[in-house]
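Asker: Got a structure here, written out as structure tokens. Questions coming.
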Amino acid sequence: MSNYGYIGKDGPTQSFSTFSKKYSYKISKATGGIITHDKVFTIHTFVSDGTFRVSDSVSSLDAEVFVIGGGGGGGSSANSGNAYSGSGGGGGMAYKAMSLKSGVNYSITVGAGGAGGSSYSASGTAGGASNFNSQLNANGGGAGSTSGGGSGGSASGGSVNVSGGAGVSGKATGTGNTGNSSDRAPGGGGGGSGNDRGGHGGRGGAAYYCGGGGGGGSDYGRTGVGLGGQGYFYGGYGGAYSRTSTASDPVVNGVAGGGDYGGAAGTVDSGDPRPNNGGGGGTFGGGGGGSGDTDGYPSRGGAGAQGAVIVRYRIG
């Protein structure tokens, strides 16, 4: 009999078969990933490539599998007046309820988030694809550029397959475009603006572990800054020279997407008086925001959030 230790000072040695339900939530029925528990599920979260394996003590396991692609990075604006760039698209999302067998190594691939553009007029990079055992696949979101926003990543193999919210183009004048939203996939980033507030990031599907898009960079924010979209975690807000039509408000630096695995905000050079960078995509898979106007320094787009593969099953 396998021992699991003592319950209480003088309690009896427990086996799995006699282990109290009060404590059974602490026992996982599989290995792989970062293992956490809530009051309903045991959750295996893969943030890098790995293997999921059902314990030998369990013949099969009824589980839900979520596969999320990495978000695309936002572009960097040109070295000119009223410059702007487009945002990255959110990664795709595939979901399926599955019966997983013991003795099988289920291979996991996790897509990286796309980087923001690194220099004047540079496009971001696309997010990477995530995959569960070559059965469920979610592609990464497309990259933003000075000519437009990145496409949302596609998905396949699941009972639910949803493309991520698309990124959007920036605008030379007026409020930036809002990134596209999704109820079941990550949101796209907001577009940058050359002389006003950057666009808000698109909403992601929180119930499917999908993050919101990063906010677009502004110049004069006038009515605030480009905010990150809601989701499992919010996207980061974009930077701005000022939140009003004058320079009386302090400079705002864009921030990374929310959660431990959100995308970084666009890099700001030391001494840059007008950062106007894009916000990072939110955990998991949110697209990065585009960048706003610049004045002698590169204004860079935010990075997309990395993807994930999540396997969860009911406690008990």
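The values are calculated or read from the model by the stated rules, or taken from the named source; none is laboratory data. Computed from a prediction, not measured in an experiment: that's the story for all the values here. Every residue, glycine among them, receives a Cβ derived from its backbone with ideal geometry; neighbour counts consider all protein chains shown. When the accessible area is computed, the model is the full protein with side chains, heavy atoms only, and any ligands, DNA or RNA have been set aside. Shrake-Rupley method; radii C 1.70, N 1.55, O 1.52, S 1.80 Å.
Asker: Of all residues being at pLDDT 95 or above and open to solvent by 10 Å² or more (accessible area, probe 1.4 Å) in region 268-313, which is nearest to residue 116 (Cα to Cα)? Just the residue, please.
Answerer: Checked region 268-313; the qualifying residue nearest to residue 116 (Cα to Cα) is 303.
Asker: Going through region 135-149 one residue at a time, which ones are in contact with a Ser or Thr (Cβ under 7 Å, 6 or more places away or on another chain), in a loop (DSSP other than H, G, I, E, B) and of a type in the set (S, T, N, Q)?
Answerer: Once the filter is applied, which keeps residues that are in contact with a Ser or Thr (Cβ under 7 Å, 6 or more places away or on another chain), in a loop (DSSP other than H, G, I, E, B) and of a type in the set (S, T, N, Q), region 135-149 yields 139, 146.
Asker: Restricting attention to region 72-101, which residues are modelled with pLDDT of 95 or more and surrounded by fewer than 24 Cβ atoms within 10 Å (Cβ to Cβ)?
Answerer: Of everything in region 72-101, those that are modelled with pLDDT of 95 or more and surrounded by fewer than 24 Cβ atoms within 10 Å (Cβ to Cβ) turn out to be 96, 97, 98, 99, 100, 101.
Asker: Continuing with this model, one more query. Scan region 150-165 residue by residue and report those that are over 14 Å from residue 213 (Cα atoms) and either open to solvent by less than 30 Å² (accessible area, probe 1.4 Å) or part of a strand (DSSP E or B) (or both).
Answerer: Result: 155, 156, 158, 160, 161, 162.
Asker: Does region 53-112 hold any residues that are in contact with a helix residue (DSSP H, G or I) (Cβ under 9 Å, 6 or more places away or on another chain) and among the aliphatic types (A, V, I, L, M), and which are they? Write out each step before concluding.
Answerer: Taking region 53-112 and keeping what is in contact with a helix residue (DSSP H, G or I) (Cβ under 9 Å, 6 or more places away or on another chain), we get 57, 66, 68, 93, 95.
68, 93, listed by residue number.
Let's see how each residue does on (1) assigned to a loop (DSSP other than H, G, I, E, B); (2) out of contact with any helix residue (DSSP H, G or I) (no Cβ under 9 Å at 6 or more places or on another chain); (3) open to solvent by 20 Å² or more (accessible area, probe 1.4 Å):
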site: 185; (1), (2), (3): yes, no, no
site: 207; (1), (2), (3): no, yes, yes
site: 210; (1), (2), (3): yes, yes, no
site: 222; (1), (2), (3): yes, yes, yes
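Asker: So, one more: From the list 202, 191, which residue is over 18 Å from residue 293 (Cβ atoms), surrounded by 24 or more Cβ atoms within 10 Å (Cβ to Cβ) and either at pLDDT 95 or above or over 11 Å from the mean Cα position of the chain (by Cα) (or both)?
Answerer: Only one candidate qualifies: 202.
Asker: Show the residue pairs meeting these rules: Cβ distance below 7 Å; 6+ apart or different chains; first residue within region 118-142 and open to solvent by 20 Å² or more (accessible area, probe 1.4 Å); second residue part of a strand (DSSP E or B) and β-branched (Val, Ile, Thr).
Answerer: From residues that are open to solvent by 20 Å² or more (accessible area, probe 1.4 Å), the pairs are 131/67; 131/109; 137/67.
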